[in-house]
Protein chains: 2
Amino acid sequence: MYRDIMCGKISSSNEETKISLAGWVSKRRDHGQLIFIDLRDKSGIMQIVFNPEVSESAHNHAKDLRSEWVISVSGTVKKRIAGAENPDISTGNYELIVDSIEILSKSKTPPFEVSDSNDVSEEVRLKYRFLDLRRDSMQKKISLRHRVTKFIWENLSQKGFTHVETPILIKSTPEGARDYVVPSRVKNGSFYALPQSPQQMKQMLMVSGCDRYFQIARCFRDEDLRADRQPEHTQLDLEMSFVHQEDVMEAVESLYIDLISSVNSDMKVDKIFEKMTYSEAMNNYGSDKPDLRFGMQLKNLTDIAQNIESNVISNSLANGGILKGFTAKNASSYGRKDFDRLTDLVKSQGAGGLIYISIPSDLQEPVQIDQTNGPLNKFYSKENFDSIIQKTEASAGDVIFMIIGDEKTVNASLSFLRNHIAKEKNLIDIDTMKFVWITDFPLFEKDDENNWQAAHHVFSAPKPDDVEFLDTDPGKVKADLFDLVCNGVELGSGSIRIHDRKLQEKVFDVIGYSKKDVSSLFGHLLDAFEYGVPPHGGMGLGLDRLVAMLSHEESIREVIAFPKTQTASDLLFGSPDVISEDQLDELSINIIKEEEE
Amino acid sequence: MYRDIMCGKISSSNEETKISLAGWVSKRRDHGQLIFIDLRDKSGIMQIVFNPEVSESAHNHAKDLRSEWVISVSGTVKKRIAGAENPDISTGNYELIVDSIEILSKSKTPPFEVSDSNDVSEEVRLKYRFLDLRRDSMQKKISLRHRVTKFIWENLSQKGFTHVETPILIKSTPEGARDYVVPSRVKNGSFYALPQSPQQMKQMLMVSGCDRYFQIARCFRDEDLRADRQPEHTQLDLEMSFVHQEDVMEAVESLYIDLISSVNSDMKVDKIFEKMTYSEAMNNYGSDKPDLRFGMQLKNLTDIAQNIESNVISNSLANGGILKGFTAKNASSYGRKDFDRLTDLVKSQGAGGLIYISIPSDLQEPVQIDQTNGPLNKFYSKENFDSIIQKTEASAGDVIFMIIGDEKTVNASLSFLRNHIAKEKNLIDIDTMKFVWITDFPLFEKDDENNWQAAHHVFSAPKPDDVEFLDTDPGKVKADLFDLVCNGVELGSGSIRIHDRKLQEKVFDVIGYSKKDVSSLFGHLLDAFEYGVPPHGGMGLGLDRLVAMLSHEESIREVIAFPKTQTASDLLFGSPDVISEDQLDELSINIIKEEEE
């Protein structure tokens, strides 16, 4: 070993002993006679001192040292002289007086300093990821990810779950996103696909009597990448036999509560996981991913709108529009410019405009129309106005925000506005994770071509009472489907699965799969269902997202060692790239060049 | 939940209580009035009893039950009557008197009984893997795999290793085997490759200051499958900074010793890991994967052969041949037929023939030629014979086996014979794992076209003293390369890596890579080496193989939930398979049909 101990581990027990250390030169200060180096490794920093009176040769070498050189040194640990201590690092009371040095590797001048205090573009960070990862903050995130994964192993093992590795080379089946495929060299014209999730495999494991399964599973989706998607991501995948929805929720709840309290992140967890149906969430928050760290519930004001004598409102209502709004407490400091800004914001989400009533804070209750400001104020009758105030529970100092339009747009825009204002007004305790279960999702939704599609995936079970509507009114069928949402972000999705061949076939039928497609794509699972299958259900939970959240990071790229960009390329290793003609020949494939298409 | 407790967990504390169970019908015995069912889940078996006097309706349902139906039952746990206990199962003192039953899923008659006692072809087992996995022996292997992986997590975490997930979609680089590739939809004509191992990524992590890395890593190789290879396998991948060869060995040794003692397999571990150089292994065992659970070391008898007046021998020697042999103790019961059989065996390995001297067990020492049997006996002088006896340490009752020919064939054939005889003569303690480190491998070996190739992989460091031979005599260069061998099987391979750009370029030069290839294939790593890289080394260890060995299984397919066949196809899920024209179009690739090639 090139060292006896790691840099950050030096303590009083090492005082006056001879040890060797190895690491990277972090900072170098040349004080004429003495040269001080901050030597860095993963564990921390130790000050090492080169004194020509101790070793002239070592001191001579030290003159050449530059940032990021890798060295190994031997010497004696001494207490620093009084006043020279550094309370910012754990080894700050000590220094190593070097008597010999070996230079293990030199470094060019790095494109950015390895330190948390500088601001480097993400492109440069990704290209030089090996330098970026040397930063303390990155090491901490990678280490947190390790602890999170380890905790999951321990917790779920204790609960009787078995980790099973399922294949990465599988068969292509349409499951929402596009599959990545792998040409087979052995079977001409055939392909493997990379799993979008181990869904079918884990259901097969339940048929196999596995009872409680989990996997830290890599999942692949060939999507046009949105802001924060990766071509490959990691999922905590789990499945349980002989359970109902509540049993799955309970297992995940207790896992997450214990995990967040145990892994030493800065995050606290609110131990109460609320439960909310999909329609409650849409009604009260305009979103199935409501952020419950703050209030500002939406209120439906359509009834009141009926009586407002404004063309804007009556035209919208005539087209089936609805009016919803919420109260931002103590927001009356917003001025004209702010309202313009917020109006632009909701327009970017599709809304026609933003209606507001701003109530000055120095007002005597009850609030009167003419004491408030708002674009539609002149259209409200006293009755209209009082009803709005009452329903939105607004009072002096508040602002009521309202949007009218079709339900989907109103919900999306108000939900966006609600989140925006909460952030802007600092209403959010950013150190708390507030979970909520969203349940009772519809089983189907219409796609752009007005055909029924599975809202989540094709294997989710309809609520037993709704099975009768499969034939008559699929849109009415609710599913044993549940999402885990935290701080406004979906962290996972689960369901009780269909475990009956006939019912599964009926669902395929509603979606419009032909018998032939069903047999070729799902035949293996349906066949297995003929040999005794337990009722089962489970979840897929985003691991990258969870760790990002625990790290106070917005982007999952921050918690992936070697992530890809939004064009799915790796700036460090340079993938994807051309392959050789020989490789193509062996695979019996031709590339259709873009200009030829 | 459909149950209160699992079947195998019933104990005295449940006696006389009302509980519900769920599981598969394993056996059904109809005793006229009473119907007995063995109800099975992952935890074990519980006898349940249907008595019409307790519930006529449940009893009626029970008449229909068949093997592998899935049911949920409620009832009261009773002690079985004296004499009716079943000591073979943990719940054998109890039975559940059922008062209600729900049939959750019916089953067709399965193609084979779910029991360990039957013999089913592997093809049928793989096609019906969901039934095969229900067998107790399969559940145990999957569970052992879980415990092994969990132990690795715990042990290496404790030692300061961090688990880092590296990408599966990487860039194609030639690393021994063929890459599986994934066409990019976004970048026309470009491909990702699936990693043969995370080699370059983990070295990049060392450059990143990760210090101690491990990963339970899926690795992919598009090989023409030999007996027991899989297109994807799992590797315990690890890498350490600031270490020498011994440090890596020590970390792995202590991991394996503790692991094998802890995971509750039937295997014991011999805690002494021998160390043996590559040339010692080849000289003494004819193999770099020697099985050290038994003796029978090979002896080089070429010196003696010089003096044997036989044309067979002198012709071979004239062609550069060597004579080696070993003594099989107490093997003189082998008769003519056995010797013919063993001769055929070594011929199948390329040997020209098998020379033996069989010494009857009732012989008086010293042994005389004419008291022994052997095909070349008439050619030995007394001096020849005595030297052979002495060198091979043979005595009454033993057989000396010898082969003459070129070194490679002699070693391969004798090594094969040695293993065969050990098995045949029951010389092997099959419950012990006997490890040995093989060190000092050559860095290069010649390929079929007489060019130098990396013997293991291109990143292994030459021994410092041998660097000078890189220019003059590459075949002489030994490497800081080490294999972990157990019971004659390679369980892993490791090395200290090159951490100097110039040295790495020199190695690429010997192998004959052009500057352009080096830059395109390895440029990212070489560039990273310019920014301060610690000395580092590590290993890749086969996880499937380890678990198979701990399970007394020969094939890794036994410890993989959904393995592929030797033609790399999945008989259950049906991969690989054709994909749609739309998918091909999106990827801009054409298939060259086989008949067109």
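Only the coordinates and a few stated rules stand behind these numbers; no lab work does. From a predicted model like this one, the values you see are computed outputs, not experimental measurements. Every residue, glycine as well, gets a Cβ built from its backbone with ideal geometry; the counts of neighbours run over all protein chains shown.
Listed values, structure above:
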{"read-out": "Volume per residue of the C-alpha convex hull in segment B:129-197, rounded to whole Å³", "value": "168"}
{"read-out": "Relative contact order, percent, chain B [alpha-carbon distance under 8 Å, six or more residues apart]", "value": "13"}
{"read-out": "Qualifying lysines (Cα of each under 16 Å from Cα of B:LYS202; at least 8 residues distant if same chain)", "value": "A:LYS42, B:LYS171"}
{"read-out": "Sequence-distant aspartates and glutamates (8 or more away, or on other chains) whose Cα lies within less than 19 Å of B:LYS382", "value": "B:ASP303, B:GLU309, B:GLU365, B:ASP370, B:GLU393, B:ASP398"}
{"read-out": "Separation of alpha-carbon centers, segment B:550-585 and segment A:92-127, rounded to whole Å", "value": "46"}
{"read-out": "At R0 = 60 Å, FRET efficiency that the Cβ-Cβ distance of A:ARG341 and B:VAL124 yields, to 0.05", "value": "0.30"}
{"read-out": "Coordinate range along principal axes, alpha carbons of segment A:557-597, Å, largest first", "value": "38, 23, 13"}
{"read-out": "Inter-label distance for B:PHE469 and A:ASP228, nm, one decimal - labels placed 7 Å from Cα along Cα-to-Cβ", "value": "5.6"}
{"read-out": "Sparse-neighbour loop sites [trypsin sites (Lys or Arg not before Pro); segment A:79-140; at most 15 other C-beta within 10 Å; DSSP]", "value": "A:ARG80, A:LYS108"}
{"read-out": "Over 25 Å [Cα-Cα, segment A:456-597], rounded percent", "value": "57"}
{"read-out": "At 1.306 mPa s and 10 °C, Stokes diffusion of segment A:294-428 via Kirkwood alpha-carbon radius, µm² per second", "value": "108"}
{"read-out": "Over segment A:505-554: Kirkwood hydrodynamic radius from C-alpha pairwise inverse distances, Å", "value": "14.2"}
{"read-out": "Pseudo-label separations to other copies for B:GLN390 - Cα-to-Cβ vector, 7 Å, nm", "value": "11.9"}
{"read-out": "Computed [θ] at 222 nm, deg cm²/dmol, the protein assembly as shown (DSSP H ≥ 4; -39,500 (n - 2.57); rounded to nearest 500)", "value": "-8500 deg cm²/dmol"}
{"read-out": "Per-residue mean of C-beta atoms belonging to partner chains within 10 Å, peptide B:239-245", "value": "4"}
{"read-out": "10 Å Cβ neighbours from other chains, averaged over peptide A:558-566", "value": "3"}
{"read-out": "Candidate lysines - alpha carbon under 20 Å from A:LYS18, same-chain residues fewer than 8 apart omitted", "value": "A:LYS9, A:LYS78, A:LYS79"}
{"read-out": "Net charge of Cβ neighbours under 12 Å - reference A:ARG218; Lys, Arg +1; Asp, Glu -1", "value": "-4"}
{"read-out": "Cα point-scatterer Debye curve for chain B, base-10 log of I(q)/I(0) at q = 0.06, 0.08, 0.12 Å⁻¹", "value": "-0.47, -0.79, -1.24"}
{"read-out": "Relative contact order for segment B:539-583, counting Cα pairs under 8 Å that sit 6 or more residues apart, in percent", "value": "20"}
{"read-out": "Given A:LYS271/A:LYS347; B:LYS150/B:LYS502; A:LYS564/A:LYS593; A:LYS502/B:LYS27; B:LYS140/B:LYS423; A:LYS408/A:LYS506, the pairs whose alpha carbons are separated by over 32 Å", "value": "A:LYS271/A:LYS347; B:LYS150/B:LYS502"}
{"read-out": "Pairwise centroid distance, computed over Cα atoms, of segment A:1-68 with segment B:256-289, Å", "value": "40"}
{"read-out": "Part-to-part distance (alpha-carbon centres) for segment A:327-390 and segment B:435-486, which is given in Å", "value": "78"}
{"read-out": "Calculated log₁₀ intensity ratio I(q)/I(0) where the Debye formula runs over C-alpha points of segment B:36-146, q = 0.10, 0.12, 0.21, 0.22 Å⁻¹", "value": "-0.36, -0.51, -1.20, -1.25"}
{"read-out": "Gyration tensor over alpha-carbon atoms, segment A:423-514, equivalent ellipsoid semi-axes in Å", "value": "32, 14, 11"}
{"read-out": "Relative packing of peptides B:280-292, A:231-243 - highest average C-beta neighbours within 10 Å first", "value": "A:231-243, B:280-292"}
{"read-out": "Radius 9 Å from Cβ of B:PRO534, net charge of other residues (Lys, Arg +1; Asp, Glu -1)", "value": "-2"}
{"read-out": "Stokes-Einstein D in µm²/s, Kirkwood radius over Cα pairs - the protein assembly as shown at 4 °C with 1.567 mPa s viscosity", "value": "37"}
